[in-house]
Amino acid sequence: MQWDQVWIDVNVATMNDDIGCAYGAIEDAAIAIKDNSIAWIGPKADLPEFDALATPVHRGRGKWITPGLIDAHTHLVFAGNRANEFEMRLQGASYEDIALAGGGIISTVKACREAEEAELFDSARKRLNALAKEGVTTVEIKSGYGLDCETELKMLRVARELGKHHHVDVQTTFLGAHAIPPEFKHDADAYVDIVINDMLPKVIEQNLADAVDVFCEGIAFNLEQTEKVLTAAKQAGLKIKLHAEQLSNIGGSEMAASLGAKSVDHIEFLDEQGVKAISNSGTCAVLLPGAFYFLRETQLPPIDLLRQYQVPMVVASDFNPGSSPLCSTQLMLNMACTLFRLTPEEALKGVTCNAAKALGIEDTVGQIKVGMQADFCLWDIITPAQLAYSYGVNPCLSVVKAGKIINQ
Ligand code: DI6
Ligand code: FE
């Protein structure tokens, strides 16, 4: 066998369901890499003979390997911060009160419109570095703090550039319909027309987005407006997803499911009918415990129903300056378990195989399986549950991205 590198003395949480045990675990395993992909994975005892003199062999000293982590929902590109609103909320103002008074998303919009592209890039790169150090190898980044054509395109360009200059793969999402901009305060429909007829064609022409998202909510876009945007995006061949049922239930998830959305995100207020709908359409449920925690929400997402209807559950940071200024995918593993009562295995699926599904990239990443891209992390842990159990001392020892060992 001719391989580019081999890993031995490792336990591997493949996250491959076909293996038929928790975490798809293979203890005392070996992994062989060829041309950036997994060429062989299995018990070390079964490893075919290979030219050990010509092949770099890495030893994991009995530690665990998992797929590279995937953060499937972030708003990583933004300017400024909203610490003042945090203080207001601690004095009793609600997230919705602040948004309705012209703060919230709109205050970040003002900062982003003023920011130079280079400034947005530099701050976003720092955040991406923080995620990468924790083992993230793929991240989704949304626009949505521009709300005018120029700034939305600027945000997406920054997100695309980050992907080109960083080992972390970036999936970009156009979220032009994130909030109603002040200029259209009394005519949201006119803004939706601009999103569809002005912004979306440019986003597509410049190949700036892999998917389109909308904030479907009482304080943002209604069902009809949301459907228009998602339908236009779908017709243009883009993947679609939705911020839905975060603060109330207005049926966004069901509508998104009927259009074949990859995911519905937040979904604290999703009911059984909605869960059935997303289950039937193969739509993933993206859980965002950071926003739940930071906004001190009390309505829990319907975890038992999601389990009952076998909806793939995803865990993501929703990293953003307003509702989840918590730049840590590892922290989300812990919060998904403590706040939402996911098992550590469910949480880890949420940042690996299921996160890949939500992004529509499950054929290349999210599991350690022959033929998939060689994206994985070596962790200083003796049981996979430790990834969700403890937080603060980063257990990430090594990151391999597309077969390359990353020094960071
Ligand atoms: N829901 C959220 O939690 C974020 N966006 C959204 O639609 C919040 C974004 C922000 O407050 O800046
Ligand atoms: Fe979000």
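The values are calculated or read from the model by the stated rules, or taken from the named source; none is laboratory data. Computed from a predicted structure; not experimentally measured. Please note: Cβ atoms are built from the backbone with ideal geometry, for glycine as well, and neighbour counts cover all protein chains shown. Each accessible area value is taken on the protein alone, full model and side chains, heavy atoms only, with ligands, DNA and RNA left out. Shrake-Rupley method; radii C 1.70, N 1.55, O 1.52, S 1.80 Å.
Summary of values
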quantity	calculated
Candidate set from segment 177-228 (those that are open to solvent by 10 Å² or more (accessible area, probe 1.4 Å), assigned to a helix (DSSP H, G or I) and within 16 Å of ligand 1 (Cβ to nearest atom)); member that is modelled with the lowest pLDDT	P182
The lone exception for V195 - which of (1) in contact with a Gly (Cβ under 7 Å, 6 or more places away or on another chain); (2) within 16 Å of ligand 2 (Cβ to nearest atom) it fails	(2)
When residues of segment 288-310 are limited to those that are within 18 Å of the chain's Cα centre (by Cα) and surrounded by fewer than 23 Cβ atoms within 10 Å (Cβ to Cβ), the one farthest from ligand 1 (Cβ to nearest atom)	Y293
Number of positions in segment 146-161 that are among the aliphatic types (A, V, I, L, M), open to solvent by less than 10 Å² (accessible area, probe 1.4 Å) and either modelled with pLDDT under 95 or part of a helix (DSSP H, G or I) (or both)	4
Every pair of residues 6+ apart whose Cβ atoms lie under 9 Å, when the first sits in segment 107-118 and is of a type in the set (K, R) while the second is open to solvent by 70 Å² or more (accessible area, probe 1.4 Å) and at pLDDT 95 or above	R113/E150
Candidates G322, G274, filtered to the one that is under 15 Å from G252 (Cβ atoms) and either more than 15 Å from ligand 2 (Cβ to nearest atom) or in a loop (DSSP other than H, G, I, E, B) (or both)	G274
Test: residue in segment 344-355 that is in contact (Cβ under 8 Å) with a residue 24 or more places away in the chain, open to solvent by less than 10 Å² (accessible area, probe 1.4 Å) and in a loop (DSSP other than H, G, I, E, B)	yes
Subset of segment 124-145 (residues that are free of Cβ contacts under 8 Å to residues at least 60 places away in the same chain and open to solvent by 30 Å² or more (accessible area, probe 1.4 Å))	R125, K126
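Matching residues to (1) in contact with a Cys (Cβ under 6 Å, 6 or more places away or on another chain); (2) open to solvent by less than 40 Å² (accessible area, probe 1.4 Å):
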{"site": "M255", "(1), (2)": "no, yes"}
{"site": "G260", "(1), (2)": "no, no"}
{"site": "S263", "(1), (2)": "yes, yes"}
{"site": "F269", "(1), (2)": "no, no"}
